[in-house]
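So the structure is just underneath, and the comments pick up after that.
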Amino acid sequence: MDASSRAAIAVSRERLAATTRGAAGPGLMALADELFAVARLLEGQLSLRRALSDASVKPVDRAGLVRSIFGGKVSAATVDLVETVARQRWSRPLDLVEAVELLATEAGLDAAEARGELEGVEDELFRFGRIVGGDPGLSRILSDDRAPVAGKTALLDRLLSGRVSPVTEQLLRNSLTVRHVGNAENRIERLSASASARRGRSVAYVTSAAPLTSAQEQRLQDVLGRIYGRTIGLQVTVDPAVLGGLVVRVGDEVVDGSVANRLEVASRRLAG
């Protein structure tokens, strides 16, 4: 995504923040549902997303097209936000779709904050991501772009309904049933990271051979906070295969201090 699309997203997010300020949880969840529905429609309608992102058409005319299509079918707030998106300059039509989906996700996280559930939603997203990552069959189904949307939705309903926050269910159901999911575990992780960012922190994904004590987690958070210069939250996964030590990932940076890794390095040196 180039600079023009990033700038367009920034404007769209500002409009969302102004729209949702002080709103209650139910209204925010309804807004998120409508925005997800619009994103799905745009994803499936190439001609429409091209028309709404065509730089040769005046922004006011693109906004008018939004009103003619969505007016009376979704809330005035949703129409206004999609109009704002359509008025911006996008480097490619799919960037516009991703922007609407981003606004939907942000509205869902706004709902989690309004409901006082943001920390719980972050934790539920992380744990479901670990479930998906640990089940190759489930990961394959959720990552398969050719799998029927209705089948994926039914599967997610069975896995999530009554077990997680309504916001968590909403985010996962909508994010994992788009046309191009990519890697499902990575997509879920991005949702979890977005929730964490809302809490003013970055996430370190930690793999340990045994559960960490509260004191160990606090020491690790303090060390990582000093290294990165910002608050770091931990998401810890226990995996006996690492044997000992820790594997820590923050963003794209991985520090593998596990015994398993040290043994592998030593074995390669001996073989060499």
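Details
Per-residue answers, yes or no, for (1) touching a residue at least 12 places away in the same chain (Cβ under 8 Å); (2) under 20 Å from L103 (Cβ atoms); (3) assigned to a helix (DSSP H, G or I); (4) not aliphatic (A, V, I, L, M):
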| site | (1), (2), (3), (4) |
| --- | --- |
| L125 | yes, yes, yes, no |
| G137 | no, no, yes, yes |
| A147 | no, no, no, no |
| A150 | no, no, yes, no |
| T153 | yes, no, yes, yes |
| L156 | yes, no, yes, no |
| R173 | yes, yes, yes, yes |
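- When every residue of segment 167-175 is checked against the conditions, at least one turns out to be of a type in the set (S, T, N, Q), over 28 Å from V248 (Cβ atoms) and not assigned by TED's automatic domain parsing to the domain that holds S258.
- Within segment 107-143, the set of residues being within 18 Å of the chain's Cα centre (by Cα) and among the acidic types (D, E) comprises D110, E113, E117, E119, E122, D123, E124.
- Any hit, segment 107-128, residues being surrounded by fewer than 18 Cβ atoms within 10 Å (Cβ to Cβ), among the aliphatic types (A, V, I, L, M), modelled with pLDDT under 95 and in contact with a Lys or Arg (Cβ under 8 Å, 6 or more places away or on another chain): no
Conditions (1) hydroxyl-bearing (S, T, Y); (2) surrounded by fewer than 16 Cβ atoms within 10 Å (Cβ to Cβ), marked per residue:
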residue	(1), (2)
I9	no, no
S12	yes, no
A18	no, yes
G25	no, no
V38	no, no
Q45	no, yes
A55	no, yes
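- Qualifying positions in segment 65-100 - touching a helix residue (DSSP H, G or I) at 6+ places or on another chain (Cβ under 7 Å) and without any contact (Cβ under 8 Å) to a residue 12 or more places away in the chain: G71
- The sole residue among V97, V38, V66 that is farther than 25 Å from R198 by Cβ and either modelled with pLDDT under 95 or of a type outside the set (S, T, Y) (or both) is V66.
- Counting only residues that are of a type outside the set (S, T, N, Q) and either surrounded by 20 or more Cβ atoms within 10 Å (Cβ to Cβ) or at pLDDT 85 or above (or both), segment 195-208 holds 5 of them.
- Positions within segment 87-106 being buried (at least 17 other Cβ atoms within 10 Å of the Cβ) and over 22 Å from the mean Cα position of the chain (by Cα), in sequence order: R87, Q88
The values are calculated or read from the model by the stated rules, or taken from the named source; none is laboratory data. Fair warning: this is a prediction, and the values are worked out from it, not measured in the lab. With ideal geometry, Cβ positions are generated from the backbone for all residues, glycine too; neighbour counts draw on all protein chains shown.
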